[in-house]
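Report on the structure given below.
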Amino acid sequence: MKKIILVLAIIGMIMLQGCSGPQGVPGPQGQNGQDGLLSEVFELQNVNFGYDPNIGYNIYRTLNPNIYPSDNLLVYRMTGTINSSTPIWQLMPRTLYLPQGELDYDFDFSKVDFTIYAGGNYNLANTPAYITNQTFRIVILPGYFSNKNAKQVDLSDYNAVIKAFNIDDSQVKVIQ
């Protein structure tokens with residue numbers, strides 16, 4: 001009985017390995033490894049927060065083209081400069097403790113748009129320097145990169161992010 005089961009098992013394995021058929025239709029062209037995944041940096045220069053009574057102070061922009069659902073977005077606010085060619089970038093969300101009270105910068109995003117918020121526990125109109133003429137850098141990280149390297153990089157350090165994800169920020173696109 002054991003010999004018959006063994007013979008049937010061997011015959012079954014040989015028959016299953018010998019199956020072949022016509023080649024199927026080629027699938028769509030995929031991305032070419034890391035070369036096909038693009039990180040992008042763009043900048044909002046000297047923008048003012050608009051006020052909406054329902055959500056407060058905000059800056060809204062659409063993403064063109066849309067990003068993939070797995071992509072990540074980082075937003076940095078320029079807080080000053082060391083010299084004319086060396087800005088100081090601060091990762092958001094961020095809370096500033098001012099004499100007037102607390103001011104919070106935050107953002108959200110989807111694959112089609114993003115919104116930057118400014119809110120606080122005082123009337124932000126009393127500190128216009130924090131809601132007018134603001135400059136932001138937006139960094140789009142493809143899901144592949146953000147999942148693989150994000151734990152190894154200090155995301156609060158703009159220059160470390162640019163270096164770690166091999167992003168060329170010498171030609172940052174300015175959007176309005």
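The values are calculated or read from the model by the stated rules, or taken from the named source; none is laboratory data. Quick caveat, the model's predicted, so the values are computed rather than measured. Neighbour counts run over all protein chains shown; Cβ positions are idealised from the backbone, glycine included.
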Item checked: So residue 130, is it touching a residue at least 12 places away in the same chain (Cβ under 8 Å), farther than 23 Å from residue 70 by Cβ and touching a Phe, Trp or Tyr at 6+ places or on another chain (Cβ under 8 Å) -> no
Next item on the list: Kindly list the number of the only condition in (1) buried (at least 19 other Cβ atoms within 10 Å of the Cβ); (2) part of a loop (DSSP other than H, G, I, E, B); (3) β-branched (Val, Ile, Thr) that fails for residue 132.
Entry: (1)
Next item on the list: Given the conditions (1) buried (at least 17 other Cβ atoms within 10 Å of the Cβ); (2) at pLDDT 85 or above; (3) assigned to a helix (DSSP H, G or I), report the number of the one that residue 137 does not fulfil.
Entry: (3)
Notebook entry, point to check: Out of curiosity, is residue 105 within 17 Å of residue 158 (Cβ to Cβ) and in contact (Cβ under 8 Å) with a residue 24 or more places away in the chain?
Noted result: yes
Checklist line | Given (1) in contact (Cβ under 8 Å) with a residue 12 or more places away in the chain; (2) in contact with a strand residue (DSSP E or B) (Cβ under 9 Å, 6 or more places away or on another chain); (3) within 23 Å of residue 57 (Cα to Cα), index of the condition residue 111 fails | finding: (2)
Check: Out of (1) exposed (fewer than 15 other Cβ atoms within 10 Å of the Cβ); (2) part of a loop (DSSP other than H, G, I, E, B), the odd one out for residue 67 is which?
Finding: (1)
